[in-house]
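**Student:** Once you've had a glance at the structure underneath, I'll fire off some questions.
The values are calculated or read from the model by the stated rules, or taken from the named source; none is laboratory data. All figures in this text were calculated on a predicted structure; none of them were measured in a lab. Virtual Cβ from ideal backbone geometry, glycine too; neighbours counted across all protein chains shown.
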Amino acid sequence: MPAKHVVSIGLSAAIVSVADETPSVLVVHHSGSEDALPFGPFDPLNHRTLDSGLRKWVGEQTYLELGYAEQLYTFGDRGRHLPTPDEGARVVSVGYLALTRQARDLKAPDTRWSDWYRYFPWEDWREAKPGIIDQVVVPALKAFAKSADSSDVAEARRNRLRLCFGTDGLVWDEEKVLERYELLYEAGVVQEAARDGRKASPRARLGVSMMFDHRRILATAIARLRGKMKYRPVVFELMAPTFTLLKLQRTVEAISGIRLHKQNFRRLMEDQGLVEGTGKFENQARGRPAELFRFRREVLRERPAPGVRLGTRKTS
């Protein structure tokens, strides 16, 4: 069978951790090439399941043993893995999200933790609205809308700009990570668009590019995590066994990209019964010692959707 009709299944993992208020993804980086997520082909003869194949590849490439992992999505768009259709098999990539506590001393060669806001600088609103949005993104997307072949397409593009980036008085939705990246890709203002042979703008440098379709997979992972932590206690997969409420709040903020009201957040944790005090306190050089808390696993039996609601955002 000609190679152009062959389909290969790839497995990719967005392994996420948070340390020092920085949300990070584990990347494989070789000199002279773009960052990549840990990935490898699914081997139907040696991998019993997709999940076991992923864990095997991750173990070989990163020396990490995955704990929590879930399948994200299957990516198979033509031209977003190989630049031209005649360079090999069509790759269908199955993406996964995995969460872990950060190991600072990575032992695998060519692996490192990388701040995910390097790839998506418009997503971090913790200090203020990122300047890149008004200075670069909005002008580029307005030009993209203006270049449309018809008024209907132009209006659809303007509506996507409003919904994705919260312009014209609309509210920023932190979960629309993938929609924002896809709009920028279609507008040709990220490097992957130029690399994939699409018509690209001279501004095609927004954020740090990644190998193949890996930035798209990472965008999907961030959106999934931002949404899921509101109704599932997945954030505790990133926490130490005991933690202060401030540390928990800063972890939630790092993931969501928005600041939260401190007192409202504490009240929310108490009302939802997600944590309980240990009676012990954190050792610190100055100030009043902060109490250490732990995750109440009993909450998983008490109600169907225990998560960290974000109705406590700080707006000023």
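**Student:** Test E182 against the stated conditions and say whether it is part of a loop (DSSP other than H, G, I, E, B), under 18 Å from L72 (Cα atoms) and outside the structural domain of E34 (by TED's automatic domain parsing).
**Tutor:** no
**Student:** Residue pairs, Cβ under 7 Å, 6 or more apart or interchain, first in the stretch 45-62 and polar (S, T, N, Q), second surrounded by fewer than 17 Cβ atoms within 10 Å (Cβ to Cβ). List them.
**Tutor:** Listed pairs, sorted by first residue: Q61/A108; T62/A108.
**Student:** Would you please name the residue that is surrounded by the most Cβ atoms within 10 Å (Cβ to Cβ), looking only at residues in the stretch 104-135 that are modelled with pLDDT under 95 and in contact with a helix residue (DSSP H, G or I) (Cβ under 9 Å, 6 or more places away or on another chain)?
**Tutor:** In this case the residue turns out to be T111.
**Student:** Kindly establish whether K142 is assigned to a helix (DSSP H, G or I), of a type in the set (K, R) and farther than 30 Å from S17 by Cβ.
**Tutor:** The answer is yes for K142.
**Student:** Which members of the stretch 196-229 meet the condition of being part of a helix (DSSP H, G or I) and either surrounded by fewer than 19 Cβ atoms within 10 Å (Cβ to Cβ) or of a type in the set (S, T, Y) (or both)?
**Tutor:** Scanning the stretch 196-229 gives T220, G227, K228.
**Student:** Counting only residues that are in a loop (DSSP other than H, G, I, E, B), surrounded by fewer than 16 Cβ atoms within 10 Å (Cβ to Cβ) and in contact (Cβ under 8 Å) with a residue 40 or more places away in the chain, how many does the stretch 243-275 have?
**Tutor:** Adding up the residues that qualify gives 1.
**Student:** Could you tell me whether A108 is hydrophobic (A, V, I, L, M, F, W, C) and farther than 15 Å from V190 by Cα?
**Tutor:** Against the criterion (hydrophobic (A, V, I, L, M, F, W, C) and farther than 15 Å from V190 by Cα), A108 qualifies.
**Student:** Quick one: count up the residues across the stretch 137-176 that are touching a residue at least 40 places away in the same chain (Cβ under 8 Å) and over 18 Å from E123 (Cα atoms).
**Tutor:** Residues flagged as touching a residue at least 40 places away in the same chain (Cβ under 8 Å) and over 18 Å from E123 (Cα atoms) within the stretch 137-176 amount to 2.
**Student:** Just to be sure, is L82 assigned to a loop (DSSP other than H, G, I, E, B) and either at pLDDT below 95 or within 28 Å of R232 (Cβ to Cβ) (or both)?
**Tutor:** yes
**Student:** When you check R232 against the structure, is it crowded, with 21+ Cβ neighbours inside 10 Å, within 19 Å of the chain's Cα centre (by Cα) and of a type outside the set (G, A, S), yes or no?
**Tutor:** Criteria not met by R232.
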